[in-house]
Amino acid sequence: MTATSPAEARNAATDARTAATRSTRRRPRFIPIGHGLGLRTRLTLTFALGAGVLSAVLSIVTFGLTRENLLTQREESSVTQALANAERVGNRLGTDADGTAVEQVIVSLPAPAGAQPVLRYRGEWFARNNLEFGREDIPASLQERVDAGRAARMRFDNRGEPFLAIGVPVPSLDAQYYEGVSLLDLSETLNGLAISLLGASALTTIAGGLVGFWASRRVFSPLLDVGRAAEAIAGGRLDTRLDVGGDPDLDLIASPFNEMAQALEDRIDRDARFASEVSHELRSPLMTLSATVEVLENSREEMPDRARTALVLLSADVDRLQQLVEDLLEISRFDVGAIKLHLEEVVAVEMVIQAVSVLGGGGVPVRYDPEVSDVVVRVDKRRFGRVIANLLDNATKYAGGATATTLTLVDHRVQIAVEDRGPGVPPEDRTAIFDRFARGGESGKRSTDSGVGLGLSLVDEHVRLHGGRVWVDRRVDGEPGSRFVVELPVVEPATSPTRDEDEDEEEEA
């Protein structure tokens with residue numbers, strides 16, 4: 001069997017408990033709030049479709065009623081005129097009238113609205129204008145009904161134009177009188193009306209969509225407030241609340257939201273106070289343990305081998321526990337908002353070079369582009385030094401040490417990157433690695449280092465306080481390893497005095 005030290009046994013037990021906790025952790029419950037198009041888009045489309053359907057129905061009804069009314073009026077007036085003309089023909093012609101007399105009567109008949117009279121008399125056909133309306137244009141079915149002694153009317157297409165034909169028998173002459181009326185002007189009027197109604201429908205649909213867009217902005221404005229409040233809470237402003245009492249319907253959302261935010265703030269405050277109190281309570285016994293270990297270290301040479309081994313393990317665990325307590329105190333200060341930055345404007349390159357050399361990374365080269373040499377950032381030197389220290393310490397523990405620190409300028413923001421040649425960070429762990437107590441692929445090797453899993457979390461907290469962000473990626477040169485990038489906003493340098501102003505100041509002095 002292989003001997004196992006007490007520290008390794010404790011670490012293995014801790015890893016087992018952590019794995020069990022992760023496996024039994026409940027998955028988040030997601031409540032569906034909508035699928036496909038957004039709410040504002042759907043409301044806008046609903047208004048537009050509603051306006052479109054309503055305008056289309058009104059346009060169809062209007063067009064149908066108008067068409068039927070105009071056609072009815074035209075037919076009634078044409079039938080009245082045709083009956084009157086048939087009576088005139090019967091009164092003016094005798095049974096022995098010749099063709100000349102018939103033609104004179106046909107020409108003299110009134111023909112409003114372009115009506116064309118046609119008369120069948122003694123088997124012969126007489127028309128005012130055969131080119132526009134003659135015997136060949138009269139439908140056979142209409143002729144059959146008139147020959148049977150019944151007056152009739154019929155609408156049909158004649159030479160590509162809509163026509164109305166009216167047939168009236170003239171019993172006194174044993175003749176049949178026909179009258180054709182062109183409906184082309186009426187058809188053009190209806191076509192113009194249809195185009196106007198179609199345009200009105202399109203404009204109404206567009207107007208409905210615009211009204212829907214405006215209404216959606218008004219209706220969903222409270223939801224935007226809820227979203228902004230939730231974003232503020234997620235960003236750390238736990239005292240954010242929604243106004244209650246302005247609208248009883250919106251209070252159904254605002255009141256539970258405020259209760260949830262208050263419960264979240266209370267929970268975080270309790271956890272932060274607990275961590276702070278525990279850390280403070282641990283500092284005194286830790287100081288006693290540290291002093292005891294230091295005393296034992298002074299008499300280490302007099303101890304047997306087993307006692308020396310136990311002392312080494314005890315010293316390592318005490319150091320690790322001290323680091324954990326200090327980090328927990330720092331984290332608790334972040335949680336309760338007790339962190340205050342002492343910001344100073346410094347040259348980024350000089351600050352990084354000094355931090356790397358002071359923190360024991362003198363062998364790590366600092367590379368930067370010429371455009372970065374004069375870049376100024378506003379930082380808290382002590383806390384930003386902690387950021388560089390944690391990144392270098394992380395590279396030492398898990399990647400064999402940092403290989404380079406680079407500075408680049410991207411979109412008026414300076415990026416400070418610490419590169420290494422370690423195994424790298426898998427893409428699925430590149431976000432979680434900045435969580436508290438996250439250790440990535442080294443979580444099963446805790447006996448080989450003194451880390452506690454809070455270093456990168458503190459880096460993230462410090463960088464966010466400076467208005468920046470941090471992330472990890474693979475190296476840009478294609479070499480194996482990781483690249484931890486800290487991005488900070490750039491401060492515009494103050495305008496330096498001109499040479500004339502300097503000379504004036506010297507003269508005054």
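What follows is calculated from the coordinates using simple rules that are stated; it is not laboratory data. Only a predicted model underlies this, so the values are computations on that prediction, with no experimental measurement involved. Ideal geometry is used to build each Cβ from the backbone, glycine not excepted, and the neighbour counts take in all protein chains shown.
Taking 0.36 nm per residue of sequence separation and removing the Cα-Cα distance, the R464/L131 pair yields an extension gain of 110.7 nm. Mean separation of Cα pairs under 8 Å and 6 or more residues apart, divided by the residue count, gives the stretch 192-308 a relative contact order of 14 percent. Across the stretch 388-427, Cα pairs under 8 Å and at least six residues apart give a relative contact order of 38 percent.
Looking at the stretch 356-418, the DSSP beta bridges with both ends there are about 65 percent antiparallel.
Per residue, the average separation of C-alpha pairs within less than 8 Å and at least 6 apart gives the stretch 36-234 a relative contact order of 32 percent. Taken over the C-alpha atoms, the stretch 36-234 has Rg and Dmax values of 29.6, 108 angstrom. If R0 is 60 Å, the Cβ-Cβ spacing of A310 and V219 corresponds to a FRET efficiency of close to 0.30.
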